[in-house]
Structure formats: structure tokens, C-alpha cells
1. Scan (1) on the phi < 0 side of the Ramachandran plot; (2) modelled with pLDDT of 95 or more for the single condition residue B:251 breaks and write down its number.
2. Could you check residue A:48 against (1) within 14 Å of chain B (Cβ to nearest Cβ); (2) in contact with a strand residue (DSSP E or B) (Cβ under 8 Å, 6 or more places away or on another chain) and say which number it fails?
3. Checking residue B:227 against (1) touching a helix residue (DSSP H, G or I) at 6+ places or on another chain (Cβ under 6 Å); (2) over 22 Å from residue B:173 (Cα atoms); (3) buried (at least 16 other Cβ atoms within 10 Å of the Cβ), which test does it fail?
4. Count, please, the residues in the range B:162-191 that happen to be outside any helix (DSSP H, G or I), in contact with a helix residue (DSSP H, G or I) (Cβ under 8 Å, 6 or more places away or on another chain) and surrounded by 17 or more Cβ atoms within 10 Å (Cβ to Cβ).
5. So, restricting to helices (runs of 4 or more DSSP H) that lie completely within the range B:19-80, which ones have at least 3 residues that are farther than 18 Å from residue B:115 by Cβ and touching a residue at least 24 places away in the same chain (Cβ under 8 Å)?
6. Which residue is nearest to the other protein chains (Cβ to nearest Cβ), if the candidates are limited to the range A:1-27 and must be farther than 22 Å from residue B:194 by Cβ and within 26 Å of the chain's Cα centre (by Cα)?
7. Go through the range B:157-179 and give me each residue that's under 29 Å from residue B:244 (Cβ atoms) and within 13 Å of another protein chain (Cβ to nearest Cβ).
8. Condition first: out of contact with any strand residue (DSSP E or B) (no Cβ under 7 Å at 6 or more places or on another chain), within 30 Å of residue A:73 (Cβ to Cβ), outside any loop (DSSP other than H, G, I, E, B) and within 10 Å of chain A (Cβ to nearest Cβ). Can you find one or more residues in the range B:246-266 that meet it?
């Protein structure tokens, strides 16, 4: 955050448009680069949660799976708060 | 075949109207003035304009089309610039060429140009369809030009991805139409924003400059007459950097002076 953003926030103004532009670009490029549309991403999110919830109990509402981009590398970031591990016997 | 020493540089952007052709014309002249035998190829067969920016539109007899068809020799189609004889233009052919032109055709044209020149600049059409693919097939390296606007940066990103997957390297960035005042007020993506997002080495910054329009009106690129305008300086610096010279980049924040500029700089300080 720059000093200008901070002052704008204090005065209840909109952030400078360059900040908005940067954030919107980063989001749209993450999707462009991965070639995943929102529906596919949502489907993948559901399947990941399903697999993880077989092993641990997770908060399905808090779970978040998103794409983040830095230096032309896009990463799939999953943030899944675990409530407790499931008592699970390994398959024989 | 292609002589190994020739640099074959694609000038592309994805989005139209960001300054590809203006950069090609000015860079062509600037490189020629440095003594490089330079050819500029208008690969925008649909909407050709490079001839107009170079002021050569009335001297075209043959085009790339006749060269490919074998109905004329390359030398007959090349238009030499009168004031800068190191520069030659190979004009784009008829838009109907788009129906049959293939990447191999572009490669053949470019390797013919490479035999007689030190640098070949290819002015790429906008878009990422066949016109771009044909032009990219013939290039070894690329300059991606963009402006600090979301749509231009997004399209540039697509083009960079395609260039990477085609093994074109190096790919360098030119940031065009920079407005220092808007950047200082954070109402325009900063130079760092754009280079961080696109992750390309910055070859040059061109400030917004009315003289660009004046020069296109006349068909005399700014680099031709040693103009002192900011864009002219930027273009010749880009040419020097391309040839390996170390020329410092301008800092848009330092272009402006006075209290207002100082205040703008202060407000850009990152606090957390």
C-alpha cells in the first residue's frame, strides 16, 4: 500500500485507479494464463475439497481454492482450515 | 539459407493501436543511422501502414506478394529510403494474400531479406491469429510493445505466452505512451507494475508525445531528422540498447519538476 492509498482510505475515498487496475489485471491474467474458466475452477475446487475431506474434517464454508500469479508463474493456492483429523484406517 | 549473423526481430503487441508500426518505422531509421543495414517488413497484409509512416507510399512498385510468386526479384520490390539508404522497406502485398499465406512463406521472405541485411524488423499485425503466427514463425527474437492500460497489458501477456511456447527469445518490452503526471498521481499503471506483471526485461520507455502525430502526418519518423522530442530520444535509445549499448532508462518521476512533482513522488512511497 502506498501513502496515497492510505490517505484515500482515511478519507473514505476510492483507491487510486492504478491500484484497481493492477489488482484486476493480476486476477484476469491468472485465469488467462491457466486457461481455466470459472466453472472449471469451481468444479476443481469441489473435487479437491471432496478428496481432502476423506482424510480430515474441514470447514467447507471457510475453504478457499484460488489461482495466484507472480512472475509469470501461476500457482493454485488452497487454504483449507482443518477441524480435526479423521480416525481412518489405511486400506489393507 | 539464413545467414547466422542477421537479427530477425518481431515487433508485436496483441492489441492494435499501441504503437507497433510507429516503433518499427522509428527503430528502422535509428538502426540504419547507426550503420546497420536494416530491412523493415510489413507483415500486416490486411491493414498495411508502414509505408505511410516511412513516407514511402508513393514509391511502391512490387510487394512481398510478387517476390513470393517469383514474378520479381527481391531487389525490385525493396523500397530504399532516400535520406537513409541503409533502410529498405518490403511492402505488404494484397490483403487477399492472407487466404494462402503460410508460415513457410514468411520464413522464405525473411531468409531472403536476411541475406542482405544486418537487421530485419517484422511489423506484426494485431491479434493472435494466422497473421501473428505467420510473422512469429519467421522471427528469432521479439519486442513486445504495450501501453500502461489494462487491455493492452492483458493482450501483451497473451502474446508473450505464445512467443515463449514458440521458442522466440529474447523477448523484450517497450512501454509506450507513458504519462508521467498520471503515473505520479497513481492514475496510471506504473512502470514497475507493468514489468512485474509481464516479467520481461524493459528495453525502453516512450513518453506520450504529440510530435509522434506530427511526424506521422509528414511521413518522416522522428528519428530521421535528429528531433529532440522525448519520443525521438526514446526511440534512438531503444536502437542503441538493441545494439548492446548501455543507456540508462528515463525515470518518469524525474521528468517533472517542482513542488507538485515532489508531492506526487512522496505519495507513491510504499508504507506497507
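1. (2)
2. (1)
3. Unmet condition: (1).
4. Number of matching residues: 12.
5. Working: elements: B:20-33, B:50-53, B:64-69, B:74-77.
Correct list: B:20-33, B:50-53.
6. Among them, the one singled out is A:6.
7. Correct list: B:157, B:159, B:160, B:161, B:162, B:163, B:164, B:165, B:171, B:173, B:178.
8. No, the range B:246-266 has no match at all.
The values are calculated or read from the model by the stated rules, or taken from the named source; none is laboratory data. Being a predicted model, the structure only gives us computed values, none of them experimental. Cβ: placed from backbone, ideal geometry, glycine included. Neighbour counts: every protein chain shown.
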